[in-house]
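Student: Mind having a look at this structure? Questions to follow.
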Amino acid sequence: MKENKLFGVVGHPIRHSLSPVMHNAVFKKLGLNYSYSAFDIEKNDLDVFLNRCREMNFLGLNVTVPHKVDIIRYLDDLDENARLINAVNTIKFEDNMLLGYNTDGLGCVRALEERGERIGGKRILILGAGGAARAIVFQCALEGAEIAISNRTMDRAMRLAREIREKLNKRVLVVNFSESSIRDIIPTTDILINATSVGMYPKIHRSPVSSDVLDPRLTVMDIVYNPIETQFLRNAKRIGCKTIDGVGMFVHQGAESLRIWLDIKPPIDLMRKVVVEKLV
Ligand SMILES: NC(=O)c1ccc[n+]([C@@H]2O[C@H](COP(=O)([O-])OP(=O)(O)OC[C@H]3O[C@@H](n4cnc5c(N)ncnc54)[C@H](OP(=O)(O)O)[C@@H]3O)[C@@H](O)[C@H]2O)c1
């Protein structure tokens, strides 16, 4: 039997996380005697928790809501993406150091690429300016997309646009979060991404925008993955758009974490299968 290695995801609450089932399936498939668990930890206990992980020789952690920013103060170093986004979803324990990464944005880009979408030069409208939207906006900007953001709280979108301009020297358009303003920009949009939490279980009949603003020319992605087919995606499919669900991003952010921890080629199809099985 090979050496046991410990992994996990830390968040609060955490009981619905699909990461343990996805990563443990990979370890089993690859014949690795590793284990991945979920840890429900409150903000004030993060420091003690990380020290305990260090003592127990953990190799990697994922970090989820609400700790992606707060955890940074306890890490020894950040990679370029995590530093830019100012949020961490992956930690690697290396030589007693805690190194922070962010694979959310790359996960989204990989999910688009896997469905034949090239990002460079595309005009992408992102709905939302929360944690996930930030990672996606930075990654798409780095990959050379033209970006517009629309968020319910306009000020948050403006701040994100300013950050992209200051850090990457790229202009980002900020669009009012109203159907009429979004409709106006759709003719010059190639990919529309919902990165808000609207439509997520249990409020599954909600959609961030109505079908009226959509156009069959668009590729429409929803990063919400519970349910897999959101109302937003159902609307888009009905009018003929190409649609991409949120499972792809979830799987690919996990796959990127596995590459960072273990330098392996993750079995994407298996990862998707186990996640979908849990969601249907
Ligand atoms: N597929 C994946 O791998 C993946 C990864 C990460 C997250 N997600 C999903 O992405 C969603 C967002 O996650 P997050 O971490 O970015 O959350 P977050 O930081 O809390 O941000 C939530 C976003 O949704 C917007 N929003 C919330 N309620 C709204 C409403 N009623 N109308 C309009 N906008 C509303 C917020 O706008 P305000 O700024 O106005 O509050 C904000 O932009 C969640 O459903 C999460 O499960 C998926």
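The values are calculated or read from the model by the stated rules, or taken from the named source; none is laboratory data. Because the structure is predicted, anything quoted here is derived from the model rather than measured. All Cβ positions, glycine included, derive from the backbone under ideal geometry; neighbour counts span all protein chains shown. Just so you know, the surface numbers come from the protein's heavy atoms only, side chains and all, with ligands and any DNA or RNA stripped out. Shrake-Rupley method; radii C 1.70, N 1.55, O 1.52, S 1.80 Å.
Student: Can you pull out every residue in the stretch 172-205 that is touching a residue at least 60 places away in the same chain (Cβ under 8 Å), part of a loop (DSSP other than H, G, I, E, B) and open to solvent by 70 Å² or more (accessible area, probe 1.4 Å)?
Tutor: Ser197
Student: Same structure, new question: Can Tyr74 be described as within 16 Å of the ligand (Cβ to nearest atom), among the aromatic types (Phe, Trp, Tyr) and open to solvent by 20 Å² or more (accessible area, probe 1.4 Å)?
Tutor: For Tyr74, the condition - within 16 Å of the ligand (Cβ to nearest atom), among the aromatic types (Phe, Trp, Tyr) and open to solvent by 20 Å² or more (accessible area, probe 1.4 Å) - is not met.
Student: Now, a different point. Got at least one residue in the stretch 37-57 being in contact (Cβ under 8 Å) with a residue 60 or more places away in the chain and either closer than 14 Å to Asn89 by Cα or open to solvent by less than 50 Å² (accessible area, probe 1.4 Å) (or both)?
Tutor: Looking through the stretch 37-57, none of the residues is in contact (Cβ under 8 Å) with a residue 60 or more places away in the chain and either closer than 14 Å to Asn89 by Cα or open to solvent by less than 50 Å² (accessible area, probe 1.4 Å) (or both).
Student: I need a count of the residues in the stretch 92-114 that are more than 14 Å from the ligand (Cβ to nearest atom) and of a type in the set (Lys, Arg).
Tutor: Matching residues across the stretch 92-114 total 1.
Student: Quick one: which residue in Asn62, Asn33, Asn81, Asn24 is exposed (fewer than 13 other Cβ atoms within 10 Å of the Cβ) and of a type in the set (S, T, N, Q)?
Tutor: Step by step, each of Asn62, Asn33, Asn81, Asn24 is checked, and only Asn33 is exposed (fewer than 13 other Cβ atoms within 10 Å of the Cβ) and of a type in the set (S, T, N, Q).
Student: Further, regarding this structure: For the stretch 139-159, which positions are more than 20 Å from Asp184 (Cβ to Cβ) and within 18 Å of the chain's Cα centre (by Cα)?
Tutor: Passing the criteria: Gln139, Cys140, Ala141, Leu142, Glu143.
Student: Further, regarding this structure: Take the residues of the stretch 84-105 that are touching a residue at least 40 places away in the same chain (Cβ under 8 Å) and of a type in the set (D, E, K, R): which is most open to solvent (accessible area, probe 1.4 Å)?
Tutor: Within the stretch 84-105, the match that is most open to solvent (accessible area, probe 1.4 Å) is Lys92.
Student: Just checking, which of Met1, Met22 is hydrophobic (A, V, I, L, M, F, W, C) and at pLDDT below 95?
Tutor: None of the other options fit; the residue is Met1.
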